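Contents: one structure, followed by commentary.
The values are calculated or read from the model by the stated rules, or taken from the named source; none is laboratory data. Note that the coordinates shown come from a computational prediction; the quantities given were computed from them, not determined experimentally. Every residue, glycine as well, gets a Cβ built from its backbone with ideal geometry; the counts of neighbours run over all protein chains shown. All accessible areas refer to the heavy atoms of the entire protein, side chains included, with ligands and DNA or RNA removed. Shrake-Rupley method; radii C 1.70, N 1.55, O 1.52, S 1.80 Å.
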Amino acid sequence: MKRYIIIALIVLAIPVAALIYLDRNVGGLQGDPFAQTYDATCASCHGDDLQGVDGLGPALMGIELHSGDSVSALSELMRDGIAGVEGHAFGEQLTEDQIRSTAIYIGERRVQRLFTDFKTHVPVSIPEGVQSSDLHAFEVEVVTDGLDPLPFSIAPMPDGGFLVTEKMKGLRMISPEGEIGPLIERTPKVYDDSIEMVLVWGHGWLLDVALHPDYENNGWVYLHHTERCDDCLMGKSINRVVRGRIRDNRWEDEEVIWAPGPDYYSIAPDVGAGGRLAFDEQGYLYISVGLKGSSNFDGVQDLSKPWGKIHRVHDDGRLPQDNPFLNIEEAYPTTWTFGHRSPQGLESRPGTGEVWSTEMGPRGGDELNLLKPARNYGWPLYSKGLNYDGKKVNYGEWLDLDYDINDIEQPVVDFTPGPAISSFVFYQGEHFPAWQCHALIGSLRGTELYRVSLDGQEMAEYEILLTRLARIRDIEVGADGNIYLLLEHNDGGQLVRLVPAAAD
């Protein structure tokens, strides 16, 4: 059991202080370099709790900041100061990393996304009554509870039910009426011998589930899981994709679609495995694989390694002959894009042929990305977030890798301070017509639901639809046109839905 604690700390490089020294009096972090810089430069005027000090400085919480509350705006304010206000410019006293880390810390506190609060024990709060938003009023209904505390994915069925994966349990059916069925027999083996530190760590989990675009005719169901090595000393695994059919609550006709195999088994726990699936409008299958090297930077920029990549195959696993790295020596041939840290969502955008992803950064740097073939998405050379020690992301120096910032594909939406972005969906349905083709994006630590509309390949509008709900692990549009959210919590997983309010 101890090995998982050791592996977790090595892989994510999180200082022990950032995990256990929570100062519950002010909600900050003792030993946190982000908080330390704030304490040294800002607390005397703005207060340890950001509530202001009479006669010295205003509160930074619960008010609208005249200069804006983005990390960029806060950084500029700290660097250059306010015209006519003495002692407020720190550009000559602090490094750029210190300025940005302090801005991230203030931003985290303002939106209650404290780095150590993963919201795994906070009671699920289902809002009552009509919820208003810019374009639609809606209500939130509980479909079912009693799922395992760690569900991962839902796949809407044509009859109105759902397939649901539970990471350490397996695959189940949820009926259109919300009844939870028994585990489906003979699916890939999963393991529940994990350990909980701040989050749960382990190997051999069931991740995404997806239906073939022509499921009603061929019955194919796709599963993304981590294949575990039972004989390995440290416990190892690597991502794998299979497909099969479900008959009489049994998994039949299994075929392996994508599998790197034992040569790529890794000690990295499955919490960073990524594990999403998406079909585009041409029927190609995309597969996300996150951090599965021996560290949080190993192999992500190495085209010969399968992790830190988005992969592309035919629906039966055949290799597309127009894949961008097919003819590059030693490159993993299914690679579509690379430089990914922890891709948590993967979707095809209707009517465009585009494939998009959501991705977690370190502290800040969560992203919504348009996936362009052969492009580099930066990790671990660059991020808009910072490392947990308050320093910029620049593992290229360790790896002896130079790069041009123009060669790094920038996110369409940067979520900093990071809410621990999770899965998303492009809405298509009749119930919320003004949200048509908008991205609905969930978060884990943020416990929020976001709506993003796009103008071409740029963000046009951003709105928070729900706050303080629960850790949102997956989002899908059901056969009925309602929006379904899969919630995870230590007391048990839940499936809830957004339905139009009668007034809307």
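Computed quantities for the displayed model
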{"read-out": "Rg/Rh (Cα only; Kirkwood hydrodynamic radius) as it applies to region 241-297", "value": "1.05"}
{"read-out": "Qualifying aspartates and glutamates (Cα of each under 14 Å from Cα of Lys292; at least 8 residues distant if same chain)", "value": "Glu227, Asp263, Asp270, Asp302"}
{"read-out": "With 10 Å bins from 0: P(r) over region 337-430, alpha-carbon pairs, percent", "value": "16, 48, 28, 7, 1, 0"}
{"read-out": "Extension reserve of the Gln457-Gln436 stretch, reckoned as 0.36 nm per residue once the Cα distance is removed", "value": "6.0 nm"}
{"read-out": "With Cα atoms, 0 to 90° folded angle of helix 2-12 axis to the chain main axis", "value": "70 degrees"}
{"read-out": "Percent RCO, i.e. relative contact order, over region 405-483, from Cα pairs under 8 Å lying at least 6 residues apart", "value": "28 percent"}
{"read-out": "Projected-area mean, the chain, by convex hull of Cα positions, square nanometres", "value": "24.3 nm²"}
{"read-out": "Loop-located GluC sites (Glu not before Pro) in region 204-268, at most 15 other Cβ atoms within 10 Å (DSSP)", "value": "none"}
{"read-out": "Rg and Dmax of region 282-361, Cα atoms only, in Å", "value": "12.6, 39"}
{"read-out": "Per residue solvent-accessible surface (Å²) - the chain, probe of 1.4 Å", "value": "41 Å²"}
{"read-out": "Residues Ala502 and Glu397, FRET efficiency given R0 of 51 Å [Cβ-Cβ distance, rounded to 0.05]", "value": "0.30"}
{"read-out": "Whole-number percent relative contact order across the chain, with pairs defined as alpha carbons under 8 Å at least 6 apart", "value": "14 percent"}
{"read-out": "Per residue convex hull volume, Cα atoms of region 165-233, in Å³", "value": "127 Å³"}
{"read-out": "Folded to 0 to 90 degrees: helix 96-110 orientation relative to the chain principal axis, Cα", "value": "70 degrees"}
{"read-out": "Long-range HN-HN contacts of Ser422 with modeled amide H, under 5 Å", "value": "Gly442, Ser443, Leu444"}
{"read-out": "Pair Ser132, Leu319: separation of 7 Å Cα→Cβ label points (nm)", "value": "5.8 nm"}
{"read-out": "Heavy-atom accessible surface of the chain: percent carbon and sulfur, 1.4 Å", "value": "46 percent"}
{"read-out": "Three-way shape call for region 394-474 based on the alpha-carbon gyration tensor, with the a/c threshold at 1.5", "value": "oblate"}
{"read-out": "Coil-residue GluC sites (Glu not before Pro) of region 48-122, DSSP, other Cβ within 10 Å capped at 12", "value": "Glu64, Glu86, Glu92"}
{"read-out": "Sequence-distant residues sharing a close amide H with Val143 (under 5 Å, placed H)", "value": "Leu495, Val496, Arg497"}
{"read-out": "Over region 34-167: Rg over Rh, Cα atoms, Kirkwood Rh", "value": "1.15"}
{"read-out": "Cα-based helix-to-principal-axis angle, 71-80 vs the chain, degrees rounded to 10", "value": "20 degrees"}
{"read-out": "All Cα pairs of region 459-504, percent lying beyond 12 Å", "value": "70 percent"}
{"read-out": "Cα-centre dipole for the chain with unit charges at Cβ (Lys and Arg positive, Asp and Glu negative), debye to 20", "value": "1020 debye"}
